[in-house]
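Taking it in order: structure first as C-alpha cells, then the write-up.
Just so it is clear, none of the values below were taken in a lab; they were calculated from the coordinates. If you're wondering where the values come from, they're calculated on a predicted model, not measured in any experiment. Using ideal geometry, Cβ is built from the backbone for each residue, glycine included, and neighbour counts are taken over all protein chains shown.
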Amino acid sequence: MVALLGSAVYRLTPRVMELRQFSLGPLQWGILLGFGAWMLYAEGVKGFHRNFSPRVVARACHLREQPRLLLALLAPLFCMGYFHATRRRQLTSLGVTAAIVLLVLLVRLLPQPWRGIIDCGVVGGLMVGIASLLWFWARTVFAQQPPAVPLDLP
C-alpha cells in the first residue's frame, strides 16, 4: 500500500513543481493554502488516518494470522476491502475508487496552475496517508497493538 501511494506521490510531484513557473495571484495562493489544508484534514486525517489505514493494517494482520493462498496472492485488494468483505465494505471500496478515478480524469483536464494547486493538496493528503499506514504498521509490529477496527469480513 505504501508503494502504491508513494507511486501516486511520485507521479503527481512534477505537476506540483511546475507551479514554480507561475506567478500565483492572491486568489490562487488562497485556494492553494485553503485546499491544501482541507486535503490534509479531509483526505489525510479523516480518510486515511481514521478509516483506511487502520482497516488496511488490521486486515493485513488478519491475513498474517489466518493465511489463505488466494487472499495472500491478492493481499492489497483484500486489505482494501475489494473482496472477502461485507457487501457494504465492497461497495464503499468500489465507490471510493470510482470517485477517485473520476476526479483524476477531471483534474487532468485542468490547465496549470489549477491542476498543480489541486495536485499539491492531493500530494499532501497522500503523504499523510503514507505516514498513517506506517504509524499503524509500526504500532502493530513494535508495540503489539493492532488497530481495533472492524475487519468487515463476510
Over segment 18-154, what is the relative contact order in whole percent, taking alpha-carbon pairs under 8 Å and six or more residues apart?
-> 46
If you line up the long axis of helix 2-17 against the longest principal axis of the chain, both from Cα atoms, how many degrees apart are they, to the nearest 10?
-> 0
Restricting attention to segment 36-140, which trypsin sites (Lys or Arg not before Pro) occupy a DSSP loop and are surrounded by at most 15 other Cβ atoms within 10 Å?
-> Arg68
Which FRET efficiency value, to the nearest 0.05, is calculated for Ile100 and Gln144 with the Förster distance at 30 angstrom and r the Cβ-Cβ distance?
-> 0.35
Expressed in angstrom and rounded, the centroid-to-centroid distance over alpha carbons for segment 29-59 and segment 101-141 is 8
In cubic angstrom, how much convex hull volume per residue do the alpha carbon atoms of the chain span?
-> 113
Under the Karplus relation 6.51 cos²θ - 1.76 cosθ + 1.60, θ = phi - 60°, what is the ordered set of whole-Hz ³J(HN,Hα) values for segment 79-89, x standing for Gly and Pro?
-> 5, 7, x, 6, 8, 6, 9, 4, 4, 4, 5
What dipole magnitude, in Debye to the nearest 20, does segment 1-123 give about its Cα centre under +1 on Lys/Arg Cβ and -1 on Asp/Glu Cβ?
-> 380
Which chymotrypsin sites (Phe, Trp or Tyr not before Pro) from segment 41-143 combine a DSSP loop assignment with at most 16 other Cβ atoms within 10 Å?
-> Tyr82, Phe83
Roughly speaking, what is the stretch gain from Arg50 to Ala3, that is 0.36 nm per residue apart minus the C-alpha to C-alpha distance, in nm to one decimal?
-> 14.9 nm
